[in-house]
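Computed from the coordinates by the stated procedures, all read-outs in this text should not be read as laboratory data. Just so we're clear, the structure is a prediction, and the values are computed from it rather than from any experiment. All Cβ positions, even for glycine, are placed from backbone atoms using ideal geometry, and neighbour counts span all protein chains on display.
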């Protein structure tokens, strides 16, 4: 992990097109401004993890439905 020290209104760059700026520091909170291309999804980590879990569950549900459908087709063709 890279750890950098920045002050209010200072930025860091990620690659050529993502800029993260320190917008404010209030107590133990830091507000970040993120400038990135529209195709780059930006989420808080807890939201990102929830999306990943929902996607895993959806894939699992689809796999179960497909397996039941396939098994039904195999059973019906005998």
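Please find the FRET efficiency linking residue 47 to residue 9, where r is the Cβ-Cβ separation and R0 is fixed at 30 Å, and quote it to the nearest 0.05.
According to the calculation, E is roughly 0.70.
Please rank 32, 2, fewest neighbouring Cβ atoms within 10 Å first, as an exposure proxy.
Numbers: 32 13, 2 4.
Placing the least packed residue first, the sequence is 2, 32.
Can you list the equivalent-ellipsoid semi-axes of the stretch 1-40, largest first and in whole Å, using the square root of 5 times each Cα gyration tensor eigenvalue?
Working: eigenvalues 77, 30, 15 Å².
Taking √(5λ) for each Cα gyration eigenvalue gives 20, 12, 9 Å.
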